[in-house]
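*Asks:* Just dropping this structure here.
The values are calculated or read from the model by the stated rules, or taken from the named source; none is laboratory data. Keep in mind the model is a prediction, meaning the values are calculated, not measured. All accessible areas refer to the heavy atoms of the entire protein, side chains included, with ligands and DNA or RNA removed. Shrake-Rupley method; radii C 1.70, N 1.55, O 1.52, S 1.80 Å.
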Amino acid sequence: MKFTFIKYIALAAFLFTSYTAFLPATLTTTTFNTKNTEPTIAKDSSLDFNPNFHIYLCFGQSNMEGSATIQKKDLLENSRFKVLQSLDCDNLKRKKGEWYTAVAPLTQCYTGLSPADYFGKTMINNLADSISIGLVNVAVGGSDIRLFDKEIYANYDDTYKEDWFADKIKAYGGNPYNHLIQLAKQAQKRGVIKGILLHQGESNTGDEKWPSYVATIYNNMLADLSLNAAEVPLLAGEMVHENQGGKCASMNPIVNTLPSVVPTAHIVSSKECEARKDSVHFNSAGVRELGKRYAQKMLQLKYK
């Protein structure tokens, strides 16, 4: 189901992040330098496979893409937390297909803070020093979940006619799912895929078929990457909660049925995660908390 206000919010989020996320987020292997707010680039040149390099795939729409403001404290870095760059971004001094020490933004060139960021930070803070975390994040603000269905994606790549949406699809070669899979295959040469993170549903609010759509995409990912579902859980986050006045909170009961369709799926609660005034997107504090909850759930599942 599609709502006019969702279309408006998606456009507003794009314009907002284009302005607020224009931060010089290149990279260092150390902590944030308080005398210079511009971290320095730190490309990972190591090419060896490492079973202790744990990879997580992230996809969804605007909240996973990153719509919250990137603040100074979000630029703290750790060389054990990496991101496989998904696009060429001159403003970030990053090239598609290369690994970098992770610092927001972690998706496109001008997006904001994503829960994927604090997922990774929380993971490394709770794991042995021998383990590193790597992310592959391909998300599209405003997208219907079926944009990631490899069989029917072309029916959903022009959901919005505006340039802001068309440009996102074009940046991913017209096929975000294939873009994600190709990056994931590259990541498998360096580490082991341990899980998949999803945050999507705003554009499908009220659609009770959403869990089956997600199941198809998840099963395709497992097959295309030769993964075992029992070893690669799917974490799905709730929309802005009703106790935060979430405009898409009615989607949460549907999201919570996902484990009945996908046995290896687990739900991440958004309760008390702060939202922006649009009541659709999480603010910076809310994104941080949601990212930590994704990590807490994964730590329970994978690192008992």
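*Asks:* Within the stretch 87-192, what whole-number % of the accessible surface is contributed by carbon and sulfur, with the 1.4 Å probe and all protein chains included in the calculation?
*Replies:* Its accessible area is 43 percent carbon and sulfur atoms.
*Asks:* How much of the DSSP bridge set in the stretch 194-304 is antiparallel, in percent, rounded to the nearest 5?
*Replies:* Antiparallel bridges: around 10 percent, rounded to the nearest 5.
*Asks:* Near K302, which aspartates and glutamates are there with a Cα under 13 Å away, not counting those fewer than 8 places off in the same chain?
*Replies:* Candidates past the 8-residue exclusion: E231.
*Asks:* Count the DSSP beta bridges whose two residues both fall in the stretch 52-144, then state the antiparallel fraction as a percent rounded to the nearest 5.
*Replies:* If we restrict to bridges inside the stretch 52-144, about 30 percent are antiparallel.
*Asks:* Mind pulling the per residue volume of the convex hull built on the Cα atoms of the stretch 77-176? Å³ is fine. Don't skip to the answer; put the middle values down first.
*Replies:* Details: hull volume 11.0 nm³, N = 100.
So the per-residue hull volume is 110 Å³.
*Asks:* Let me ask you something else. Taking θ = phi - 60°, what integer Hz values does the Karplus form 6.51 cos²θ - 1.76 cosθ + 1.60 yield along the stretch 256-264, in sequence order, with x for Gly and Pro?
*Replies:* These are the phi-based 3J(HN,Hα) values: 6, 8, 3, x, 6, 9, 10, x, 9 Hz.
*Asks:* Any idea what the relative contact order of the stretch 241-283 is, in percent, if you count C-alpha pairs under 8 Å spaced at least 6 apart? Write down the numbers at each step before the final one.
*Replies:* Values: 40 pairs, mean separation 19.4, N = 43.
Once normalised by length, the contact order is 45 percent.
*Asks:* So what's the gap between the Cα centers of the stretch 175-202 and the stretch 57-87, to the nearest angstrom?
*Replies:* 14 Å
*Asks:* Treating the stretch 199-304 as a set of equal point scatterers at the Cα positions, no solvent, please give the Debye-formula log₁₀ I(q)/I(0) at q = 0.19, 0.25 Å⁻¹.
*Replies:* The computed values of log10 I(q)/I(0) come out as -0.97, -1.33.
*Asks:* Also, quick follow-up: Would you grab the residues whose amide H sits under 5 Å from the one on Y172? Only those 5+ places off in sequence or on another chain, please, with H modelled 1.01 Å from N.
*Replies:* none
*Asks:* Ok, one more. Which whole-angstrom value gives the distance between the alpha carbon centres of the stretch 261-296 and the stretch 130-146?
*Replies:* Distance between centres, Cα-based: 14 Å.
*Asks:* So who's got an amide H within less than 5 Å of the one on S270, skipping anything under 5 residues away but keeping other chains? H placed 1.01 Å off N, in plane.
*Replies:* Those lying under 5 Å, H to H, from S270 are E238.
*Asks:* Ok, one more. If the limit is 26 Å between Cα atoms, which of K73/K271; K72/K150; K95/K121 go over it? Mind dumping the intermediate values first?
*Replies:* On the way: K73/K271 23 Å; K72/K150 38 Å; K95/K121 22 Å.
Result: K72/K150 exceed 26 Å.
*Asks:* Scan around F282 for amide H atoms under 5 Å from its own, H built in the peptide plane at 1.01 Å from N, and keep only partners 5 or more places away or cross-chain.
*Replies:* Under 5 Å from the amide H of F282: R276.
*Asks:* What accessible area, in Å² to the nearest ten, does a 1.4 Å probe give for D158?
*Replies:* The accessible area comes out at roughly 70 Å².
*Asks:* Residue-wise, which Karplus ³J(HN,Hα) couplings in Hz belong to the stretch 99-107, taking 6.51 cos²θ - 1.76 cosθ + 1.60, θ = phi - 60°, and x for glycine or proline?
*Replies:* Per-residue couplings from phi come out as 8, 9, 4, 6, 8, 4, x, 10, 10 Hz.
*Asks:* In addition: What list of ³J(HN,Hα) couplings, whole Hz, do you get for the stretch 82-96 from phi and the Karplus terms 6.51, -1.76, 1.60, once you set θ to phi - 60° and write x for glycine and proline?
*Replies:* 10, 10, 8, 4, 8, 9, 6, 10, 4, 5, 9, 6, 10, 10, 3
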